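Q: One structure, pasted below without further comment.
The values are calculated or read from the model by the stated rules, or taken from the named source; none is laboratory data. These numbers come from a predicted model, not from an experiment. Note: ideal-geometry Cβ built from the backbone for every residue, glycine included; neighbour counts use all protein chains shown. Note: accessible area is taken over every heavy atom of the protein model, side chains too, but ligands, DNA and RNA are not part of it. Shrake-Rupley method; radii C 1.70, N 1.55, O 1.52, S 1.80 Å.
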Amino acid sequence: MLAGSPMAAPPRAGAAPTLESTLSGLEGVGVFNAQFESTRTLKVLRRPLLSGGSLLLAKEHGLIWTQTFPFRQKLTIMAEVMRQEIQGGETIEISAKDNPLVFVISRVFIAMFSGDRETLNRHFSMSFQSLPIKSLEGQGWEWSLEPITSPINRAIARIRIQGRETISALDILATNGDRTRIALTHVRARSEPLTPSEVQAFRP
Amino acid sequence: MSEPDQNPSRPPKYRLFARSSLPAWGLLLVVLVAGGVVAERMSRGAWIETNIMALLPPLARDPGSEAALRAISSRLERRVFLSVGHEDAAKAKAAAARLVKGLAALPGTAAVEGKLDESRLTAWADLYAPFRHQLPSPRLRALLARNQGEAWAREALARVYSPFAAVGSAELEEDPFFLLRAFLLHAGSEAPGVQVEEGWLSRKDGQGLTHLLVTLELGFNPYTVRDAKAWEGQFNALALELKAGFPGLALNRLGTIFFAGAGIRRGETEVSTIGLGSALGVVALVLAVFHSLVPLGLVLLSLACAIVVALAVTMIVMGPVHIFTLVFGASLIGVSVDYAFHFLCEHHGESGDAPPGGVLRKIMPALLMSLVTSVMAYLALFMAPFPGMRQIALFSVSGLLVAFATVVWWYPALSRRRAAGTRPTGAGSRRGVREARLFERWLAGTRWMLGARWALPVLMGLLVAVPALGLRVDDDVRQLQSLPGELVAEEKIVSRWMGSMSGTRILLVRGDTAEEMLRRLEAMLPALERVGEQGGFQGYRSVSPWIPSMEKQRADHLAVREGLYRPWFPLLAESLGLPPPVEAKLLAAPFRPLEPGAWLASPASAGWRELWLDLPPHGVFSVVVFQGLSDPAAVAAVAKASEGVAYSSAADEISVVFKTYRDRIQWLILGAYALIWVLLSLRYGLGGAWRIMLPPLGGAAAGLTLLALAGRPLNVISLFAVVLVLGLGIDYALFMGESRGQVRATLQAVAMSALTTLLSFGLLALSSTQAIANFGLVAFGGITMAFLLAPIAHGVAGGKKVQP
C-alpha cells in the first residue's frame, strides 16, 4: 500500500520508531487520503454521534473533509478561507480572520498529518512511545500532544495519535471531558502532487 | 535708570511723555512683571499651542456637537498605535513584548496594551453570554426575517459533527444554535485580516511579515510641547534599541503625538532660524551704520521688552501662545525696530551734544501717527472672530506699544548718557557722501515719478492688473500642515488594523438618550453600508454591533424564540439526542436588557467605548470612523438624510471657514484703511493723504503681484501678510512725511527698518509650510515696494524742502 512513498522507508529493521522517525516519515507526504469514522462522545448527549466519510489532505492546498454519513457536509479548509457546504443548505465561506479558532484547530490537524515540527512544537508539548505489540504492519506507536497555547488549550486537553506505518486513529480529549475519536482506514499517503480532479475539489 | 530728561526748556508736547521719571519706572515695572509672568507660564510647560485647530473659530454648529467633537478628538489624540513587524513571528512577539515593557516604564504613558490576557479574551463571552438569545448575527437576523430558521438549524447540526468546530457539551447545552459564537464572530470581524495569536492581535502582510499590535494611551495632551518632546525622545531611544536588538524589525507608528512632534520641531526650527536671521541682520546693520554696539543694545532692549510684554499679554488674555503667533511674532522684530531706528538715526545725525529731547520732539509726530495707524489696523483684525488672528493682533499691538514706550521713555535718558561714545558719520565722511548720493538718487527717482504724470499710474496699473488677472485663491487648510511623508506612510500601514482613528472625517450621531442615539445609528447604518458596498470606503467602526438598541434587542429576542428555537429545536434534539430540559430552558429564557452602561463598564468595550460619549446636558453621542474613505460626499449625503446624524470633516469645514474669513478680513482691512485715510486727510489734506497711502498700497499690490507671478495661491494667511505690508508701508510714508530734521536720517531709518524686515520675511519665504512661505513672499515683495516708494510722501507735513 505504501510502496513508493517516502513513508515506506521505515526505520531500519529492528529499530523502534521514535517521534523523530515518525515526523520524518510524515514530512515527506504530499498528499494524504483516508476514510474516516468519527465518534463524538459528548456528555450532554444521550448517545455518541457517529459520522463517516473521507478526507483528502494536500500540503500545498489544504484539507477537504467530506462527511457522507449521517448527512452530507463538505468542509474545505485552505490557508485563509474555509468553505462549508451542507446538504440542502447554502455554502458558507468563513475567512481565517473571522474564525481564528477553527483555523488554528485545522492547521494543527494539517500539521499532524504532515509532520510540521515547527507548528507542532509551538502549540504542544509532545511525548511519544512505541507500543510493545508488533504486527505484520509494523510496530505500533502512540504519540501524545498536550496543547500549551491559547485558544487551543482552553478547548482541548490532549490529543492522542495512534499508528503503525502511518496514523491510524486520533483521540481528541476536550477539557470538559468530551471525547472525539477519529479512526482512519484505507490510508494512502504519497509524495506525488494532486490529480486534476483532486485540485478541482478544492475549488468552489 | 536715571531720570529721562530734566531739560527745563523742553517743549510742552514732549512734557506729556516725560513729565517725570515715573513713566520710565512704570514701564520697567511692567516689563519685569511681564517677564515674571512669561517665566512662570513657561516653567509650567503648557504655554505653547501647536494644534492648527486652535487657530480657528469654533465651527458653526450646535454647542452640543461642538463639545462632543472636541471631547472625542482630544480622546483620540491621546491614542498611539504601534505595529511591530518581523519575518519571524516569534521574534516579532519577543520584540513587541520588550516594547510593551519599555513603553510602560516611560513617564507619560497612561496605559499600554500588547498581549491580551485571558480575562480580556474571555471578557466578550462573559459579557454577552447571558444575552445571547437576543443577539443574533446579521446573517441569522436576515434568515429569520425570511422565515429560514431551518437553514441555521442544519448548520448548527453540521457544526456539532465537525471535528474542527470545537463544540463542547457546555455550549451545546446552553446555546445549541451557537448564537453567541456567531455574534462574537461577526461583531469582532471589522479589522480585516486581524487574528488573535497567542494573545497578540496579529496580522500577516503581503511581504510575509507578521505584524503585532501594541496600543497605548498617553497621560498628557500630545500638543503640549514639553511633555510631548520628553516622551517622544524616550520613545525614539526605545525604538532604536529595539531595532538594534532585532535586525529586520519594522516598527510603524500612528498617533497624533508623532505628527504634533513633527510640527513642534518644525515650528521651533523656523522660529529659531527666523529669529536668528533677523537678529543677525539687525546686528550687522546697526554696526555698519553706527559703528557702535550701544545703539544695538538699545534696539535689542526695545525688542526684548516688546516681545516679553507681548508674550505675557497674550498668555494672560488668551492662554497658550500659538506657534503661528510666535512665527509671526518673530517678524514683529522687523516692525518695532522702526521706532528705535527712527530715533537712533535722527539722534545719530545730530551733533553729539544735542539734547535727545529735541530728537524725540522732532520724530514724535511720525511715531505717534505710525503707532495710531498700526494699532487701528491691528484692532480691525482683532474684531474678526478668528482666535489666531486675534492672538497675532494682540501680540503685535502690545509689542508695538511697548517698543514705542521704550523709545519715548527710555531712549532719551539712555542715549544721552551714551551719545558721547558714538561717532557720528556726518555728511563729511566718505561713506556719508556715498550714502548721501544714493539717497539723493532715490529721492530724485520718486520725485520724478510724482512729476511724470504717466509713471505712477502705469506702475500701479501693472501692480493691480497682474494679481487681478493671475492670482488664484485656495482656501484649503491642508496647505497649512505639510505632514512628513514618512509618517503618512507609517500611518497607512498601522491604520489597516483599526481604520483611520485620526477622527478628521467622522459621522456624529446624537440622541437625547442612549436609546434614541442607538436607534438613529441603527436606522442610518443600512444606507451607510450601501455606500461601502459601492466602494465609498473600505471599512468603518461603530458601536452598533456591540450594543444594539433596546428596541432591537426586544425584536430580536422575539424573532429568535419564535423563528428558531420553537420550530427548529426538535430537529436538533432528534438528530443529536439533546435532552428535553435544554429545550425548556431555551424557550423559557426571559428577555433581559443589555444596558449600555454594562457594556461601557465591561472590559469587553475596550477599544470601542472611545467611540461613545455621554455629554449631559447635550445628550448621548457616538461616532463612526472610517477606513479608506474615498467618497466623503456619499457619506455626507447619508448623514444629511438621517435624523440626528452629522458628517464632520474638520479639514473641509475649516477650509470653508478660511474662505469666509478671507472675505471678511478683506473688508475689515478696507474699512480700517478707509478710516486711516480719513484721519490722514484731516492732517495732510487730500493730496497729502494720497501720497502717504501710495507706498503701502503700492507695496500691498506688489506683494500680491509677486505671489501671482510665483503661481502661489492667495489665502487668509497671505492676506495677513498684506496687512503687515500696509502697516509697515504706512510707517515708512509717515516717517518720510513727518521728517522735519535731516531727510538723510529718516531715509536711513526707513532703509534700516526695511532691510531688517526683509531679512526676517525673506526667511519666512523659505518655510517648508507652504502657507507661511506664501506669507513671506507677499511680505518680501510688498515691503520692497513700499520702501522704494516711501520718499513719495516726503514733505507732505510741510517740512523743509528736500535736502539730503
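Q: Report yes if some residue within segment B:727-741 is open to solvent by 10 Å² or more (accessible area, probe 1.4 Å) and in a helix (DSSP H, G or I); otherwise report no.
A: Looking for residues that are open to solvent by 10 Å² or more (accessible area, probe 1.4 Å) and in a helix (DSSP H, G or I), one finds none in segment B:727-741, hence no.
Q: How about segment B:204-246: which of its residues are basic (Lys, Arg), in a strand (DSSP E or B) and touching a residue at least 12 places away in the same chain (Cβ under 8 Å)?
A: Scanning segment B:204-246 gives no hits.
Q: With the requirement that a residue be open to solvent by less than 30 Å² (accessible area, probe 1.4 Å) and either over 19 Å from the mean Cα position of the chain (by Cα) or in contact (Cβ under 8 Å) with a residue 60 or more places away in the chain (or both), what does segment B:376-393 give you?
A: Within segment B:376-393, B:Ala377, B:Tyr378, B:Ala380, B:Leu381, B:Ala384, B:Phe386, B:Gly388, B:Met389, B:Gln391, B:Ile392 meet the criteria.
Q: Kindly check whether there is at least one residue in segment A:155-174 that is modelled with pLDDT under 85 and within 28 Å of A:Glu93 (Cα to Cα).
A: Scanning segment A:155-174 turns up at least one residue that is modelled with pLDDT under 85 and within 28 Å of A:Glu93 (Cα to Cα).
So that you can scan it fast, the table gives a plain yes or no per residue for (1) polar (S, T, N, Q); (2) at pLDDT 95 or above:
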residue	(1), (2)
B:Thr504	yes, no
B:Arg510	no, no
B:Gly536	no, no
B:Ser549	yes, yes
B:Arg554	no, yes
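Q: Here is a follow-up. Select, from B:Trp690, B:Trp667, the only residue that is open to solvent by 10 Å² or more (accessible area, probe 1.4 Å) and more than 27 Å from the chain's Cα centre (by Cα).
A: The match here is B:Trp690.
Q: Give the residues of segment B:138-152 that are open to solvent by less than 20 Å² (accessible area, probe 1.4 Å) and either at the interface with chain A (Cβ under 10 Å from one of its Cβ atoms) or at pLDDT below 90 (or both), sorted by residue number.
A: Matches in segment B:138-152: B:Leu143, B:Trp152.
Q: Exactly one condition in (1) within 23 Å of B:Gly687 (Cβ to Cβ); (2) open to solvent by less than 10 Å² (accessible area, probe 1.4 Å) is false for B:Asn715; which is it?
A: (1)
Q: Looking only at residues that are touching an Asp or Glu at 6+ places or on another chain (Cβ under 8 Å) and either open to solvent by less than 80 Å² (accessible area, probe 1.4 Å) or of a type in the set (Ser, Thr, Tyr) (or both) in segment A:164-180, which one is farthest from the other protein chains (Cβ to nearest Cβ)?
A: Checking each candidate, the answer is A:Glu165.
Q: To continue, here is another question. Which residue is farthest from A:Pro196 (Cα to Cα), if the candidates are limited to segment A:41-76 and must be facing chain B (nearest Cβ under 7 Å) and in a strand (DSSP E or B)?
A: A:Leu49
Q: Which condition number in (1) part of a loop (DSSP other than H, G, I, E, B); (2) open to solvent by 30 Å² or more (accessible area, probe 1.4 Å) is the one that B:Gly536 fails?
A: (2)
Q: Moving on. Is it true that some residue in segment A:39-49 is buried (at least 21 other Cβ atoms within 10 Å of the Cβ) and either over 21 Å from A:Pro151 (Cβ atoms) or of a type outside the set (Val, Ile, Thr) (or both)?
A: yes
Q: Checking B:Pro545 against (1) surrounded by 20 or more Cβ atoms within 10 Å (Cβ to Cβ); (2) within 14 Å of chain A (Cβ to nearest Cβ): exactly one of these is not met. Which one?
A: The number of the failed condition is (1).
Q: While we're on this one: Which is in contact with a Ser or Thr (Cβ under 9 Å, 6 or more places away or on another chain) and closer than 24 Å to B:Phe324 by Cβ, of B:Leu707, B:Leu714, B:Leu668, B:Leu679?
A: None of the others qualify; the one that does is B:Leu707.
Q: Quick check: is even one residue across segment A:183-192 within 14 Å of chain B (Cβ to nearest Cβ) and buried (at least 17 other Cβ atoms within 10 Å of the Cβ)?
A: Within segment A:183-192, one or more residues are within 14 Å of chain B (Cβ to nearest Cβ) and buried (at least 17 other Cβ atoms within 10 Å of the Cβ).
Q: Right, something else. Condition (residue is open to solvent by less than 20 Å² (accessible area, probe 1.4 Å), touching a residue at least 40 places away in the same chain (Cβ under 8 Å) and not small (Gly, Ala, Ser)) applied to segment B:599-607: is it met by at least one residue?
A: For segment B:599-607, residues open to solvent by less than 20 Å² (accessible area, probe 1.4 Å), touching a residue at least 40 places away in the same chain (Cβ under 8 Å) and not small (Gly, Ala, Ser): present.
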